[in-house]
1. Which residues, taken from segment 196-212, are more than 11 Å from residue 164 (Cα to Cα), among the β-branched types (Val, Ile, Thr) and either buried (at least 20 other Cβ atoms within 10 Å of the Cβ) or touching a residue at least 12 places away in the same chain (Cβ under 8 Å) (or both)?
2. Restricting to segment 293-314, count the residues that are among the basic types (Lys, Arg) and more than 27 Å from the chain's Cα centre (by Cα).
3. Yes or no: residue 459 touching a Leu at 6+ places or on another chain (Cβ under 9 Å) and either of a type in the set (Gly, Ala, Ser) or surrounded by 17 or more Cβ atoms within 10 Å (Cβ to Cβ) (or both)?
4. Among the helices (runs of 4 or more DSSP H) contained in segment 267-368, which hold 2 or more residues that are surrounded by fewer than 16 Cβ atoms within 10 Å (Cβ to Cβ)?
5. Against the conditions (1) surrounded by fewer than 19 Cβ atoms within 10 Å (Cβ to Cβ); (2) closer than 30 Å to residue 358 by Cα, where does residue 493 fall short? Just the number, please.
6. Condition first: farther than 26 Å from residue 345 by Cβ and among the aromatic types (Phe, Trp, Tyr). Now tell me which residues in segment 396-427 satisfy that.
7. Against the definition (small (Gly, Ala, Ser), over 29 Å from residue 324 (Cα atoms) and modelled with pLDDT of 95 or more), how does residue 203 come out, yes or no?
8. Could you please let me know if residue 437 is at pLDDT below 95 and either under 28 Å from residue 364 (Cα atoms) or part of a loop (DSSP other than H, G, I, E, B) (or both)?
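The values are calculated or read from the model by the stated rules, or taken from the named source; none is laboratory data. This is a predicted model, so every value here is computed, not measured. In this analysis, Cβ positions are derived from the backbone assuming ideal geometry, glycine residues included, and neighbour counts consider all displayed protein chains.
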Amino acid sequence: MGRLAPVCHLLTACVIMSGTSAEVLGSDHPNGSVDDMVEPRTAPGRRNVWLVALVVAVVLLGAAVMAVSLRPGRSHGPEAVTLRPKAVRPHFDHAPVITGPFATPQAVTLRCLECHPKAAEVMRSSHYLWLGEEGEIPGRPGKVRIGKKNLLNNFCIATRGNEKSCMKCHAGYGWVDETFDFTRKENVDCLVCHESTNTYVKGVGGVPTKETDLVAAARSVGTPRRENCLGCHAYGGGGQAVKHGDLDSSLAHPFEEEDVHMGGHGFACVDCHKAPDHQIQGRAFSVSVEDAHGVACTDCHLAKRHADERIDRHLAAVACQTCHIPTYASRIPTKANWDWSKAGDKGRRDDPHSYLKIKGEFTYQQDALPEYRWFNGTVGRYLLGDKIDPKQVTTLNPLQGSISDKTARIWPFKVHRGKQPYDAGNDYLFPPVTGGAGGYWTTFDWPSSFALGAKASGIPFSGKVGFAETDMYWPLSHLVAPKAQALGCTDCHGDKGRLDWKALGYGGDPIKTGGRP
């Protein structure tokens, strides 16, 4: 009503000027009906009717003009503010049709499927299966199917045998061991992506805690919000910003200078990460080896849209993110190093920023400069059982691409560096059981946790435990800064440039030496 108040006042004034409402409606007729208005009248009556019609038309036109001029993003003079679209999209109100009570979260899913039977298609997604589609890994024969279900990483190491803890972020209910039934539709968790109470908490095996109000959560469902996505993606790996350098809880409500898409334009995650048939677009190269269903800047932005042609010439060799994400972890620090070999020291005090007895020693970075590498959108992958050289750093997802690869571009990365347990007799990285009965967090005994891991993963254990250094690469695509904060020429070129040109394969700064544009 606030924006239309001037229009309403104008309408009232015009009606008063053209005569009282009774006169306008022809109250001199016996019934004073609307039909009476169009009957042949005396000349003064007809003039009143046409005058009102004209006034109403003018007022409606004025209202339309004001509505257009007041739409979000339009300025209205020197004192006006820029209005941003809402991150929460309009959606059908489920409150009147969801009654409950629900004895189990599975009962909520079955209620959802009554009206949304196609939603069961989420059962084919990587969010539910924790496996991607079968594909080829660069440098390896044949095809494999990989995902969080069967891969190793260098933060929490492995999900096998640790399902009770890890599956708090699974889009399902009850995955606590290998007996979980992926074929039962009611095991899908619809609420984790669609509820909006901010009180929905998942516990052991992904089952909501007993304090969770299932009816309130079910009645609140709508389009996924940032908070839904960040509930897992900002806290994966055992804490805030452990894995990603560009995904943390600050993106729930960022300032424009922190992320121009979410803070400046009010984007929701699903505006870019669309989900046709519940298959969410986007790739995490911690578990994927190619970008077939990824999201790119050019999905929305033209391939060439810089005013300076010299900048456009960089696009053949430089990713958009390289210039438009100057730093990462701008507000919340991200974990940069994790040393499991220091875990179990009962004489050392716990400090969540540097040391935990159950996890070891770690360091964090904030407002950090990315590391830059050639990247063609594919990675290699360490698989369970691959031999390592413990004297060398093992990269779990080695980047593909080089200066001679025309499909590669220079990308910005967070590189997570770890020191993780390995089987020192068989020389391969190992998936210990950390949580639960008999796990390392209870016993602080690596050999026994390895024995449990061998049983859960089906990989032999030699009885010898060691620790080896590993790397993982995390390409940066969030925290895009406003264009005024994008890198300039001297940020990369010149004596104080941030790029290591020789490490990238150049003879030196290409402004001086030439080379690939």
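1. 197, 199, 212, listed by residue number.
2. Of the residues in segment 293-314, 2 are among the basic types (Lys, Arg) and more than 27 Å from the chain's Cα centre (by Cα).
3. Yes; evaluated as a whole, the condition is true for this residue.
4. 309-312
5. That leaves (2) as the condition not met.
6. 411, 413 - these are the residues of segment 396-427 that are farther than 26 Å from residue 345 by Cβ and among the aromatic types (Phe, Trp, Tyr).
7. In short, yes.
8. Criteria met by residue 437.
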